[in-house]
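Step one of this worksheet: look at the structure below.
The values are calculated or read from the model by the stated rules, or taken from the named source; none is laboratory data. These figures come from a predicted structure and were not determined experimentally. Here the Cβ positions follow ideal geometry from the backbone for every residue, glycine too, while neighbour counts run over all protein chains shown. Only protein heavy atoms, including side chains, enter the accessible area calculation; ligands, DNA and RNA are left aside. Shrake-Rupley method; radii C 1.70, N 1.55, O 1.52, S 1.80 Å.
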Amino acid sequence: MNDALRGRIRRRARYRCEYCRLPQSAVSTRHQIEHVIAEQHRGDDDESNLALACTHCNLHKGPNIAGRDPLTEELCRLYHPRSDRWSEHFAWEGPRLIGLTPVGRTTVQVLDMNDPLMVETREALIQFRRFKP
Ligand SMILES: [Zn+2]
């Protein structure tokens, strides 16, 4: 993966985490370019398989591509930033992220997107008008 490709991925994401939408400008740790389908599952380096993710989301996602819907306990794939529409699967309830669909709920769960520290961070960003849910 070269610098030009990395730059394209960051610009395409508008410098926000493509899962929790945390803006790069709000945190000191650099958002990471991740494989939506991990290499372990034969995902490649094509732009269609790359996304920008904050450290929190990326670390929790790891090589996962699925999880269990917390509502039904059914096996379900994770959100795919290239082929899914964010607003179809997620909504904000103040600083908390709500999964609207099995994919949304499973992704919120696996990526631990409402970890208290993340919710606290969003609350502060909202208060200082650096993040608008
Ligand atoms: Zn994130």
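Of note:
- Model label sites at residue 98 and residue 73, defined 7 Å from Cα along the beta-carbon direction, differ in position by 2.5 nm.
- Distant-in-sequence amide H partners of residue 79 (H built 1.01 Å from N, under 5 Å): 107
- Candidates 20, 57, 76: whichever shows maximal mean-square fluctuation once the chain is modelled as a Gaussian network with Cα springs under 10 Å: 76
- Whole-percent P(r), the chain, all Cα pairs, 5 Å bins from 0: 2, 11, 20, 24, 21, 13, 7, 2, 0.
- In the chain, a dipole from Cβ-located charges (positive for Lys and Arg, negative for Asp and Glu) runs towards its positive end, and of 128, 106, 31 it is 128 whose Cα lies farthest in that direction.
- Within the stretch 44-133, trypsin sites (Lys or Arg not before Pro) in DSSP loop having at most 16 other beta-carbon neighbours inside 10 Å: 82, 85, 129, 130
- Between residue 46 and residue 87, the contour length at 0.36 nm per residue exceeds the alpha carbon distance by 12.3 nm.
- Label-point gap, in nm, between residue 11 and residue 29 - each point 7 angstrom along Cα→Cβ: 2.8
- Dipole magnitude for the stretch 3-127: about 460 debye, using +1 per Lys or Arg Cβ and -1 per Asp or Glu Cβ, origin at the Cα centre.
- The H on the amide N of residue 18, modeled in the peptide plane, is under 5 Å from the matching H of 52, 53, 54, each at least 5 residues off or on a different chain.
- Accessible surface area normalised per residue over the stretch 3-127 is 54 Å², counting heavy atoms of protein chains with a 1.4 Å rolling probe.
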